[in-house]
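Here is the structure we will look at.
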Amino acid sequence: MTAYRPPRLPSSEITPKNLYLTRRSLIGAAAGGLAIASAPSVFAAPETDYKVSDKPTTYEDITTYNNFYEFGTGKDDPARNSGDFKARPWRLEVGGLVNKPTVFGIDDLISSIPQEERIYRMRCVEAWSMVIPWVGFPISALLDKVEPLGSAKYVAFETVVRPEEMPGQRGLFQSMPWPYVEGLRLDEARHPLAILATGIYGETLLNQNGAPIRLVVPWKYGFKGIKSIVKITLTEEQPPSSWNLLAPNEYGFYANVNPDVDHPRWSQATERRIGEANGLFGGARMNTLPFNGYAEEVAGLYAGMDLAKFY
Ligand SMILES: Nc1nc2c(c(=O)[nH]1)N[C@H]1C(S)=C(S)[C@@H](COP(=O)(O)O)O[C@H]1N2
Ligand SMILES: [Mo]
C-alpha cells in the first residue's frame, strides 16, 4: 500500500488543485475496486514529521457524512440543509487576554498566513473515523498576530448564530444551546498539530464541514473540532465546551482519544473507518490508538495528569 504523507512542517504551499482532482479520481477508482498502480507518483510527498499511512477517505464521504447540529442531527442533514448558509463575507473576532485584539476578514486572514496541507486521522466519539486531507494553518500563527498576554491560559472558540440560515437553530429543531462553544488549553492550541482548517482536498471548505474556518485537533475526539468560528477569546479560566455542558459525565473538556477510557454508553477501544469495505462484522474495524496515533507528539502535554479523571 502506498504511504500517504503530508508535507514537511513548516510547509509553504498548497498542492495545486489539479493534483487534488487527480487524487480524487484515483481515490474514487480505488474505492471502486480498480487498480491504483499509478497512485504512488501522484501521492509522493517529502518525508515528514507527521506521517499518515492510512488511505484518505473519499471527498464524497467527507462531505456527506457530517456532524453539524446547527443544520440537523442526522449525518446527512448538514449536506442537505446548509445550502442557504453564507460563509462569505466573514469576520473572525480574536480578543480577550491579548495585546492586539483584532477583527479579521476571512480572506485577508487566509492570504496573510501560508496554507499547508495536512492529512490527519480523525476520530469521532461515536467510534467512527476518517482520514482527511485538510488545508489550513497552525492556530499558533493566528495567536502570534494578536499576542496573548502572560495571564492567558486557555483559548475559547464560538460558532456563528444564524437561525435564518441554520435550521437546527430554529424553534423546535433546536437540539442544544447555541452558540456551539469549545476550548483548548493554550499549550494545546500552540501545538503545531492543532490547526484552523479552511479547506479539504485543496477545495474551499464546504458549509457542512464548517466553512469558512473550523478547528482541527487530530488527537482529540471530533466534537472538539468546532465549525464556522466567529469568535476566539484568550482566557484565564477554562472555557465551557458544548458537549461537556450538555452531558458532563459523557464528554470531558480534554476529550483526548483514549481506547482505555470508555464512553459511559459504549467502548472506545475500536473504531469503524468510514468508506472502507464492510467486513463480516459491519465495517472495517480497527483498534483505536492512544491520542489517535499522535501520542509521540502530544502525550507530553499531559505528563502527570490522570487521563481517566481528565477525560
Ligand atoms: N458548530 C459545530 N461544530 C461541530 C459540531 C456541531 O454540531 N456544531 N459537531 C462536532 C462533531 S461531534 C464532529 S464529529 C465534527 C465533525 O466534523 P465533519 O463533519 O467535518 O467531519 O464536527 C464537530 N464540530
Ligand atoms: Mo463527533
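The values are calculated or read from the model by the stated rules, or taken from the named source; none is laboratory data. Note that the coordinates shown come from a computational prediction; the quantities given were computed from them, not determined experimentally. Counting neighbours? That spans all protein chains shown, and the Cβs are built from the backbone with ideal geometry, glycine included. Only protein heavy atoms, including side chains, enter the accessible area calculation; ligands, DNA and RNA are left aside. Shrake-Rupley method; radii C 1.70, N 1.55, O 1.52, S 1.80 Å.
In segment 161-213, what percent of the accessible surface is made up of carbon and sulfur (1.4 Å probe, ligands and nucleic acids excluded)? Intermediate results must be reported in sequence, preceding the final value.
Working: 1100 of 1840 Å².
Of all accessible area on segment 161-213, carbon and sulfur atoms account for 60 percent.
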Seminar exercise, completed: Expressed in nanometres to one decimal, the distance between label points 7 Å along Cα→Cβ at Lys309 and Leu289 is 2.9
Problem set entry | Environment charge at Phe291 (Cβ cut-off 11 Å; Lys +1, Arg +1, Asp -1, Glu -1) | +1
Exercise. Within straight cross-link reach of Lys55, meaning Cα distance under 29 Å, which lysines are found once same-chain residues fewer than 8 apart are removed?
Worked result: Lys17, Lys75, Lys220, Lys224, Lys227
Exercise. Based on the Cβ-Cβ distance from Ala277 to Asn249, what FRET efficiency comes out when R0 is 25 Å, to the nearest 0.05?
Worked result: 0.10
For this session: Could you please put Leu215, Leu307 in sequence from largest to smallest accessible area, using a 1.4 Å probe?
Result: Leu307, Leu215
Seminar exercise, completed: Quick calc: nm separation of the 7 Å Cα→Cβ label points for Lys86 and Ser151 -> 3.8
Exercise. Is any residue of segment 234-272 close enough, with backbone N under 15 Å, to a label point placed 7 angstrom from the Cα of Thr73 along the Cα-Cβ axis, and if so, which?
Worked result: 243, 246-247
Exercise. Of all GluC sites (Glu not before Pro) in segment 137-185, which ones are in loop regions per DSSP and have a Cβ with at most 12 other Cβ atoms within 10 Å?
Worked result: Glu164
For this session: Within segment 212-250, find all residues whose amide N lies under 19 Å from a label point positioned 7 Å from the Cα of Asp262 along Cα-to-beta-carbon.
Result: 248-250
Problem set entry | Proximal charge balance of Gly83 [Cβ under 14 Å; K/R count +1, D/E count -1] | -3
For this session: Pull out a ≥ b ≥ c, the square roots of the eigenvalues of the alpha-carbon gyration tensor of segment 116-223, then state rounded if a/c is under 1.5, prolate if not and a/b is larger than b/c, and oblate in the remaining case.
Result: oblate
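So for each of 265-276, 220-231 I average, over its residues, the number of other beta carbons within 10 Å; can you give me the resulting order with the highest mean first? Walk me through the numbers before you get to the answer.
Details: 265-276: 16.2, 220-231: 22.7.
Ranked by mean Cβ neighbours within 10 Å, highest first: 220-231, 265-276.
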Problem set entry | Cut-off 14 Å between beta-carbons: net charge of the residues surrounding Phe157, Lys and Arg +1, Asp and Glu -1 | +2
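Go through Trp243, Trp219 and list them by solvent-accessible area, largest first, probe radius 1.4 Å. All intermediate terms of the calculation are to be shown ahead of the outcome.
On the way: Trp243 45, Trp219 0 Å².
Greatest to least solvent exposure: Trp243, Trp219.
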